[in-house]
Each structure stands twice: as C-alpha cells, then as structure tokens.
1. Hey, among B:194, B:123, which residue is of a type in the set (S, T, N, Q), within 14 Å of another protein chain (Cβ to nearest Cβ) and either in contact with an Asp or Glu (Cβ under 9 Å, 6 or more places away or on another chain) or surrounded by fewer than 21 Cβ atoms within 10 Å (Cβ to Cβ) (or both)?
2. Among the candidates B:11, B:30, which residue alone is more than 21 Å from the chain's Cα centre (by Cα), modelled with pLDDT of 90 or more and under 24 Å from residue B:221 (Cβ atoms)?
3. Give, as residue ranges, the helices (runs of 4 or more DSSP H) completely inside region B:112-206 that count at least 3 residues that are more than 30 Å from residue B:219 (Cα to Cα) and modelled with pLDDT of 95 or more.
4. Scanning for something loosely packed, with under 10 Cβ neighbours inside 10 Å, more than 18 Å from residue B:151 (Cβ to Cβ) and charged (D, E, K, R), does region B:77-88 turn up at least one residue?
5. Looking at residue B:223, is it touching a helix residue (DSSP H, G or I) at 6+ places or on another chain (Cβ under 9 Å), more than 27 Å from residue B:58 (Cβ to Cβ) and not in a helix (DSSP H, G or I)?
6. Looking at region A:119-145, which of the residues that are facing chain B (nearest Cβ under 8 Å) and within 22 Å of the chain's Cα centre (by Cα) is nearest to residue A:218 (Cα to Cα)?
7. May I ask you to list the residues in region B:50-95 that are within 25 Å of residue B:202 (Cβ to Cβ) and of a type in the set (Ser, Thr, Tyr)?
8. Among (1) closer than 17 Å to residue B:216 by Cα; (2) within 14 Å of chain A (Cβ to nearest Cβ); (3) touching a residue at least 24 places away in the same chain (Cβ under 8 Å), where does residue B:42 come up short?
Amino acid sequence: MYAHIEGCSRPPEAGPVIPGRLLETGMDTSPYIELEDVVFTRSGRRIFDGVSLRIPRGKITAIMGPSGTGKTTLLRLIGGQLRPDSGTITVAGENVPRLKRKALYRLREKMGMLFQSGALFTDLSVFENVAFPLRVHTALPEDMIRDIVLMKLEAVGLRGARELMPAELSGGMTRRVALARSIALDPELIMYDEPFTGQDPIAMGVLIKLIRDLNSSMGLTSVMVSHDVQESLSICHYACIVADGQVIGDGTPEELRAHPSERVQQFLHGHPDGPVPFHYPAAEAGQDWGITGSSR
Amino acid sequence: MEKLAALGRLGLEIIASLGRSGRFLAGVLGGVSKPSVAFPLLVKQLYSIGVLSLAIIVVSGLFIGMVLGLQGYTILSDYGSEAAVGQMIALTLVRELGPVVTALLFAGRAGSALTAEIGLMKTTEQLSSMEMMGVDPLRRVIAPRLWAGFIAVPVLAAVFSVVGIWGGMLVGVEWLGVFEGSFWGNMQASVSFTSDVLNGVIKSVVFGFVCSWIAVYQGYDCVPTSEGISSATTKTVVYSSLAVLGLDFVLTAVMFGDF
C-alpha cells in the first residue's frame, strides 16, 4: 500500500503550522523518509510484509496501530538499528540498509530519537546527559556547550533541573530531558517512540506543546509512533495506521476519521470487537467445558 | 528422536552464540577511538574494576597465604623440611593460585557487575539511544571495560601473590618459627622469573581477557528483561569460572608439562 503525502498539506486546527506554509515559503517538501516494499521478519514472524510509506519533510507524521504491530520496529528500521529482509529505506536521500557503519553513524547525527523510557544515562546528571552528544560530536569550548545545554533545557522548561540525576526526575521530566538531549545537535529528523504512554494529563499536555513547538520553530521532520489516537491526531499533519504488517490506512487526520475501512474505524474509536476480534483464537468453547453442540 | 533434536538445537545455539561473541569481539577490538576520548574512559573503568576490587583481592590473598603457610608447615615438618615452606608458598601462589583465584574473584566481583551494568543499559535503552546519537556503544561502553579487565587482572594477580606470600611469612616465620633466612633464601633460589613468574603473568593475562570478554558479551547479548539480566549475570560467573579452570589446565600442561 502506498501512503501519499500530497494530501497532507493541511495541519490540524490546533497546530501552529500555517496550512501550506512550507509550500508557500518555497521550502523543500519532498519526502524526507521513504520506505519501499519493506519486508521484515523477526524470530520467524513477519512483522512487515511489503510496507511502503513516504514521510514528508518538515511535518509531523504519526504512525499508529495496535500494540505489537511493529511501530517501534519501524523506527528502528528507519534509524538503521535493524535491517529489513528486502525493500529500501531512504532517509535524507540515503539508502539506510546499504550504508556502511561510518556513513550510518554520520547519518544518525542528523537524527534525534525520544525513547519510550527516556533512556537517559543514569550515571550522568541532567546537564551532562544533554551535553553528551555535543561533547562527542563537536569540539565546542566548554562555555559554549554550557550555553547550548541551558538553552535546550530552557526549551523544555527544565533549566532549573540541570543538577538533578535521572533517578530524581518524574516520568514526564525524564522525557523532557531526553527530548532536550535529542535536539542538542539540532537534528533534521526527530522520532518519538510512544511519547505519551504513562503520562499524566499535565505531562501529556506539556509533551504535546513541545512536539508541536519544536516542529514549527525548528522545521524538524517529526515521526511519532503512538497508540494514543486523540493526542496524536491533535498534533500530526499526517498519520498512518499499521496492522498485520501492512499500512491499513493513511492520510490527514480528517481523512483518517472518514476512512471507510472497518479496521481503521475500530482502532480510531477503540471498539472492543470488530475486524480485530475480542477473543483470541481458541478451540470451540464446548470442548473446553465438555458441552457438546456449543460453539463460538 | 525429540531428545536428539533438542541436543541438535542446543548444539546449534552454542555455535551461534560462539559466532556472535566472536563477531562482537571483532567489533570491539576493530574500533579505535581517539586516545583523548578513550583514555579517560579507560581510567574510569580501571578504577571501578581494578581499584575497587583491591579489598577482596588483598583479604583473600592474605588468608590463602596464611593457610598455605600453616598447611605447608604441617606437611613439610613431618619430613624435617619446614624450611622449604617459603618456596612452596611462593611457587603455589605465583604459578597457580595467584592467577586462578584472582580470576575467579574477578569474575564474581567485577565480571558480574559488568554484565549487570551493561545488561541494564541495554534494558533501559541506553545503548540504543547511544547508537541513535551516532555513538558506537561497542567503542564507548564495551571497549573501555574489556581493556580495563584485561589490564586489571594481571595487576590484581600480582598483588594477590605478594600479599599471599606475606601472609605465609606471617604464619611460617612469625608464628611457627621457621628461620627467616631459610624462608626467603629458599624462595629466591627456587622461583625462576621466566618459568614461574612470567608463566603466571601469562596465565593471568589470558584469564583477564577471557573473563572480561565473557562479562561484557553476556551483558551486551542478554535478553533485555530483569530475568535476562539475572540469567546473564549467572552465566558470566559460571562460564568464567569454568573457562578459567579449563584454561588453567591447558596452560599448565603447555607451560610445565614434561611430555
């Protein structure tokens, strides 16, 4: 299935990005990421079976789907941490699975990723966590690193928490620090892995604001993997739903809401039964209870 | 038939694991970081792996040396050869107990900690996040720990042997009354630098490398769950101990066997 990007020029109403802004300002609107017929199998299970997808430059794209459908795996394929069995994955014009180690690591300097757990280095303070990529990839003087780190922490509202250790942070604060770290090198692409999972309403609101503001102020290409439908649709320009190794629906939030597929509607509205059945496949009920003639 | 299939599967798993650990080692040794980056990381690991292991090495070495002094004196005095207790203690420690017990203690104290630390970094996605930042965890996390273990074990083994000899002297000379001149003189006359001390150092270098390799590989390859870390930590101690004892026999046969 081929997800189109041309129809995604309309952002959600609440979003700060003006409709068509990128086109009007003459910015490059070519896809930043392209997946072409990607097949990926793990432990004998086919996770993706010919997935094709285009993720537009400078916009927020939400990849949604039920748990266990390989959404995080998709991010790892884009980041080159996993290699597909076949198909091409192009990021910023480079075919990721074919890149040599050095070129892949160079490409990753253009990427930021917010992990579900935050993945902060537990032996480093908040300040040092954010400074880490700067220290590794640049030769900036210490006072400049300090200024940049404080600016990034200010952007996520945690400048005052710079001396804290990761163990002293709440879940929401951890993700904000991780977000500050992932934008430390001013990447072109940022990937969010389940950014809203386990967050209280305030933390969730803060994260939504941050993702939206970062996208508009830095012109980032943002890919967000989530199964929080309302939150994701409220900020994304474009979304696709992945299930059973395929893209089962894609388009702008409005297009998805009006999508004819029953499976898409079941997912968006959270219906407990439907094309994705409530019951796990089982033998006839009569067999388990010793009743003949009864079946499900 | 099922048992045969299970045996075959186990064999394949072992071969696959050996292959993975070989590729892992090549990846760690193949990557070279800038000295300005690698050296501070190495020093930090030398401290946590080596310096912090000193206490257990010193205490163990002291008691093992004291026991050797006591046992040696008891056995040798039956033959009127208690003056040879010094050379017995020195040869036992330098050739065998120094490298072997140090490696076993290292596996239990530092090896298990290395596995747990790396395993936890994997479980909490710290290694993945490093990769996604364009930083190779094999160079940044694994290599300094592997090299630190490789350097620390021979030094710890030397400390172990020295403290053990001193402990043996305390018991043999100070407590049981062996003549001090015979104790040190016999030791000096019978311990050869090349065939005893150097062979002991070679053993501890091999043990240090193998124990560190097992520890970092088990951590890196563990299933990223709490159960997985627990299992990997146990494997580190068991595999390291077996590898040390098995390799000790092989090395001893090569070094001291008179075939």
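1. Going through B:194, B:123 in turn, just one is of a type in the set (S, T, N, Q), within 14 Å of another protein chain (Cβ to nearest Cβ) and either in contact with an Asp or Glu (Cβ under 9 Å, 6 or more places away or on another chain) or surrounded by fewer than 21 Cβ atoms within 10 Å (Cβ to Cβ) (or both): B:123.
2. Of the residues listed, the single one that is more than 21 Å from the chain's Cα centre (by Cα), modelled with pLDDT of 90 or more and under 24 Å from residue B:221 (Cβ atoms) is B:11.
3. Helices (runs of 4 or more DSSP H) meeting the threshold: B:143-169.
4. yes
5. On the way: touching a helix residue (DSSP H, G or I) at 6+ places or on another chain (Cβ under 9 Å): yes; more than 27 Å from residue B:58 (Cβ to Cβ): yes; not in a helix (DSSP H, G or I): yes.
Spelling it out, residue B:223 is indeed touching a helix residue (DSSP H, G or I) at 6+ places or on another chain (Cβ under 9 Å), more than 27 Å from residue B:58 (Cβ to Cβ) and not in a helix (DSSP H, G or I).
6. The qualifying residue nearest to residue A:218 (Cα to Cα) is A:133.
7. Residues satisfying the conditions are B:53, B:60, B:92.
8. (2)
The values are calculated or read from the model by the stated rules, or taken from the named source; none is laboratory data. Fair warning: this is a prediction, and the values are worked out from it, not measured in the lab. Cβ: placed from backbone, ideal geometry, glycine included. Neighbour counts: every protein chain shown.
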